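Notes follow the structure.
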Amino acid sequence: MNTPEAARRHTFGTGTLSRAAALVHTLLITQLMVLVAASPCLVALLFLARSASNLPLAAVCLLPLGPALSAALYALHRRGRDLTELRPARAYTRGWRLNAVPVLKLWAPLLGWLSVIGFSLARFPAAGLPRWWAWLLALTGLVSVLWGTYALVLVSLFAFRTADTARLAAYLLLRHGGATLGTASLLVLAAGLTVLFTEALPALLAAPLLLCLLNTTRPVITEAQEDFTV
């Protein structure tokens, strides 16, 4: 028999205001966890001069960022909607523990490749190559970042092998044009915040940006779950 007290217990924490409070709480805790996990690279980048010669060192500094972002995606994807059942810190820690090694297998080569492209573009005037070659390099870098973003989402939410994740990210990148365009917009926004303000600003907004990324790539996540998992 449903008593008034039982009904109140059932509805507590499930209303619109409670769900909004749960979302804010999850974002704040996840953001804090990202900053703690990525603090070594963020501090190092703040003291690193903006020079093409420092790009390899910047790539090394950014290595901890991959597992930190992956754990945040894991926690946000599994976030609770009920105000009485919120454990974002536990979910983040579990996501970091599960995904740190798989993410680094993709994240480290990607950073190395992007540092090569960035160094080539920075030294391009001295190379004496046609201008269209610079545009080709820039396009290659953009596609690489998009592929890496899809791979980051997939490795954070699924337990695919590294090679399968890489191939699936490339396939879904071409298949879902709308999600790819939305992801590119988020990347442009993050890059704009970095250029116009400071490298720290996208890091301070990491949790909201990652939540937007999850919503943008929802078709990609759905297809990966329905067609490529048992």
Wholly enclosed helices (runs of 4 or more DSSP H) of the stretch 170-224 bearing at least 2 residues in contact with a Pro (Cβ under 8 Å, 6 or more places away or on another chain): 177-196
Identify, by number, the condition in (1) in a helix (DSSP H, G or I); (2) surrounded by 15 or more Cβ atoms within 10 Å (Cβ to Cβ) that residue 160 doesn't meet. (1)
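Across the stretch 34-52, what is the total count of residues that are part of a helix (DSSP H, G or I) and free of Cβ contacts under 8 Å to residues at least 60 places away in the same chain?
Of the stretch 34-52, the ones part of a helix (DSSP H, G or I) are 34-46, 52.
Within this subset, residues satisfying the condition of being free of Cβ contacts under 8 Å to residues at least 60 places away in the same chain are 36-37, 39-41, 43-44.
Selection size over the stretch 34-52: 7.
Based on this model, can you work out whether residue 222 counts as β-branched (Val, Ile, Thr) and either exposed (fewer than 14 other Cβ atoms within 10 Å of the Cβ) or within 12 Å of the chain's Cα centre (by Cα) (or both)?
Numbers: β-branched (Val, Ile, Thr): yes; either exposed (fewer than 14 other Cβ atoms within 10 Å of the Cβ) or within 12 Å of the chain's Cα centre (by Cα) (or both): yes.
Judged against the criteria, residue 222 is a match.
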Note on the stretch 91-121: residues in contact with a Ser or Thr (Cβ under 8 Å, 6 or more places away or on another chain) and among the basic types (Lys, Arg) are 105
Any residue at all in the stretch 173-188 that's more than 17 Å from the chain's Cα centre (by Cα), of a type outside the set (Lys, Arg), closer than 21 Å to residue 114 by Cβ and surrounded by fewer than 16 Cβ atoms within 10 Å (Cβ to Cβ)? yes
Considering residues of the stretch 131-144 that are hydrophobic (A, V, I, L, M, F, W, C) and in contact with a helix residue (DSSP H, G or I) (Cβ under 6 Å, 6 or more places away or on another chain) only, the residue nearest to residue 225 (Cα to Cα): 137
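Every number here is computed from the coordinates shown, using simple stated rules; none is lab data. What you see is a predicted model, and the numbers here were worked out from it, not measured in a lab. Positions of Cβ are generated from backbone atoms using ideal geometry, with glycine treated the same way; all protein chains shown enter the neighbour counts.
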